[in-house]
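S.K.: Starting off with a structure, shown below.
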Amino acid sequence: MNKYSIVIILLICFLGWTVAVGSINVNTVTGVLASTINSTIPGRENIEKLRVSLSGTVNSVPVNESTYSILTDLNVTRSADETCPSLDDAAQLTQTQLINRLTASCRYDRLERPNVMENGSIVDAPLDVFVRVYIYVLQNLDSSDLQFKMHGLVQLRYKDPRLAFDEYAPNRKQSILGESKLRELIWVPHIFLANEHDSSVLGTSEKDILTSINPDGTVITSSRIQATLYCWMKLQKFPFDEQYCPTVLESWMYNATELRLYWEDNAPLTFDPKMHLTEYALENAWTNETIINADLNDLRHGAFAGNYSSLSFTVHLVREVGYYVMDYFLPSIMIVAISWVSFWLQADQTPARTTLGCTTLLSFITLASSQENNLPKVSYIKVSEVWFLGCTFFIFGSLVEFAFVNTIWRRKNSVEVKKVKSKYILKSTLTPRMKRHKMIDNERQQARPPCDRFLSVDTPSPIIITVGDETPNKFTSSDSIATITSSVDDNFSDPDNKRTENHSWTTMTPHEVSLWIDRKARFLFPVAFIIFNAFYWTFVYCL
């Protein structure tokens, strides 16, 4: 009991005695008591005017030859002036008057969550909030910051029985409509974007917030918002990539036991038919409902752990490759093809071929750098980088080919090749000179046919002695000397000569070798580049 209660009790007792003795009437006591209480309790006059009335029975009691009037059965009644406005005339009230009476402090607390009613009674169940999203602007993804911007309309629908006025005005079918001021008078669920970078209500609060209250207490709030959201892009197949960017809405204050979020059954997510993206094409979109478990490791709901209702919708975006084909791939193909022009220039034209090769290489590097500067520095390899490396290899290869043929062109000695074929020309050209001569000698030694030697002896003519001849014929020793000759049979030499011809060596001048390499490069480089393109585009579109 505080000091104000004690003062009031003492005052009532005193006034009751004065009434009993007849020095003051009851009405005077009531007015004095009310004014005294209102002046005694500080701040009471701003809340309500307190009135107290006394009632009882006056009895005469004799005491020592004297008669006294005593008030018995004393009743003290406290009444207050009624400050809670009546809704009996709700049908005749304006919207402003009606909403002010519905949200009066004696009836409504905007900090308290609406109760869930079933069959006229309060049940312990979560409040259902239905959500609908309409997107009319979806700006292109920013690949460098992994973000995209969205302008849309978020509509929330729930039921607040405290705002129902169909019982007070059954014939009033029109909803209460208002803007931000109406929204400030009622309870609204706190929904936030979980993957936002920043968000805000568009424009002024008057034109971008719409609130509607139906006669049965159904509240619909619509807000136009602008949000920058994170989208964790996967750029392995850039610029032929497809991105899946989600937008997550979650309950901030109330967990799943108090509030549940649901998508509307009819058109929960719609897009403006006139919406057009420049770099992406909107392929598809879908919605999802889930429960998020928040703990101390996930503080996006503050320090409150629990299960929170969550909604999300995902847009499937496919990048338009027309810009990259026209501004990157076709120019790079042309630059690579220009680098092959050096194959038609003579090997001794060093300034022309060097300038052409270096210019094409630097031009392509500049072209590729302008595309890569708008991308984040990721750790994995993108298909655009594979294209860059492939084209760089072909341009650099044309420079290496020129250096090779120019070195051969400046040689002074001819090159001996076994056959005029690619294998032998390259082998003889790349082999060092001393080793090449030794190889030639070995080849000729193996190709030389065996020489068969034959010894033929010419026998002397028989000696004939004539009988009776007085003077016998005398032969000198020279007539009987055997002649030894050595000859090679021509019949064995013919097959061996043919085998020697098959292993004959040809001599090519350095100029001839250089021109031969250039002629081969004119064919090999384009064919290799076509094969590279076949594998590259197959991987991009088929894998």
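The values are calculated or read from the model by the stated rules, or taken from the named source; none is laboratory data. In this text, all values refer to a predicted model and were calculated from it rather than measured experimentally. So basically every Cβ, Gly included, is an ideal-geometry build from the backbone, and we count neighbours across all protein chains shown. The area values use the complete protein model at the heavy-atom level, side chains included, leaving out ligands, DNA and RNA. Shrake-Rupley method; radii C 1.70, N 1.55, O 1.52, S 1.80 Å.
S.K.: Would you mind getting me the FRET efficiency between ASP145 and SER175? Use the beta-carbon distance for r and R0 = 56 Å, nearest 0.05. Walk me through the numbers on the way to the answer.
M.R.: Numbers: r = 42 Å, r/R0 = 0.76.
Efficiency computed from Cβ-Cβ geometry: 0.85.
S.K.: Using the Cβ atoms and a cut-off under 15 Å, what net charge is assigned to the surroundings of VAL405, where Lys and Arg are +1 and Asp and Glu are -1?
M.R.: Details: positive: ARG353, ARG410, ARG411, ARG519, LYS520, ARG522; negative: ASP348, GLU401, GLU512, ASP518.
Once all neighbours under 15 Å are counted, the net charge is +2.
S.K.: Under the rule a/c < 1.5 gives rounded, and otherwise a/b versus b/c splits prolate from oblate, where does segment 194-324 land using the Cα gyration tensor?
M.R.: Details: a/c = 2.06, a/b = 1.36, b/c = 1.51.
Note, shape of segment 194-324 comes out oblate.
S.K.: Ranking request for peptides 141-148, 118-125: highest mean number of other beta-carbon atoms within 10 Å first, then the rest in descending order. Don't skip to the end; give the middle numbers.
M.R.: On the way: 141-148: 17.4, 118-125: 8.4.
Ranking, from highest mean packing down: 141-148, 118-125.
S.K.: With every protein chain left in place, what is the accessible area of SER251 in Å² (1.4 Å probe, nearest 10)?
M.R.: 0 Å²
S.K.: Right, here's the next one. May I ask you to list the residues of segment 266-295 whose amide nitrogen lies under 14 Å from a point 7 Å from Cα along the Cα→beta-carbon direction of ASN374?
M.R.: 278-281
S.K.: I would also like to ask the following. Which value, to two decimals, describes the C-alpha radius of gyration of segment 115-209 once divided by 2.2 N^0.38 Å?
M.R.: Working: Rg = 18.0 Å, N = 95, 2.2 N^0.38 = 12.4 Å.
Cα Rg divided by the expected 2.2 N^0.38 Å: 1.45.
S.K.: Specify whether the C-alpha gyration tensor of segment 301-345 places it in the rounded, prolate or oblate class, a ≥ b ≥ c being the square roots of the eigenvalues: rounded for a/c under 1.5, otherwise prolate if a/b is larger than b/c and oblate if not. Write down the numbers at each step before the final one.
M.R.: Working: a/c = 9.06, a/b = 4.03, b/c = 2.25.
Here segment 301-345 falls in the prolate category.
S.K.: Which GluC sites (Glu not before Pro) in segment 137-238 pass both tests, a DSSP loop state and at most 16 other beta-carbon atoms within 10 Å? Display every interim value, and only then the final one.
M.R.: Numbers: sites: GLU167, GLU179, GLU184, GLU196, GLU206; in loops: GLU167, GLU179.
Loop-located and lightly packed - GLU167, GLU179.
S.K.: Continuing with the same structure: I need the semi-axes of the equivalent ellipsoid of segment 99-257: take the C-alpha gyration tensor, multiply each eigenvalue by 5, square-root it, list largest first in whole angstrom. Could you put the intermediate results ahead of the total?
M.R.: On the way: eigenvalues 280, 60, 32 Å².
Over the Cα atoms of segment 99-257, the ellipsoid semi-axes are 37, 17, 13 Å.
S.K.: Would you please classify the overall shape of segment 265-332 from the alpha carbon gyration tensor, given that a ≥ b ≥ c denote the square roots of the eigenvalues, rounded means a/c under 1.5, and beyond that prolate means a/b larger than b/c while oblate covers the rest?
M.R.: On the way: a/c = 4.55, a/b = 1.98, b/c = 2.30.
It is oblate, given that a/c is not under 1.5 and a/b is not larger than b/c.
S.K.: Can you list the equivalent-ellipsoid semi-axes of segment 212-287, largest first and in whole Å, using the square root of 5 times each Cα gyration tensor eigenvalue?
M.R.: Numbers: eigenvalues 208, 63, 26 Å².
With the √(5λ) rule applied to segment 212-287, the semi-axes are 32, 18, 11 Å.
S.K.: Further question: Which value, in Å² rounded to 10, gives the accessible area of HIS276 with a 1.4 Å probe and all protein chains present?
M.R.: Taking all protein chains as shown, HIS276 has close to 150 Å².
S.K.: Going by accessible area, probe 1.4 Å, with all protein chains left in place, what is the ranking of TRP537, TRP409, largest first?
M.R.: Largest accessible area first, the residues go TRP537, TRP409.
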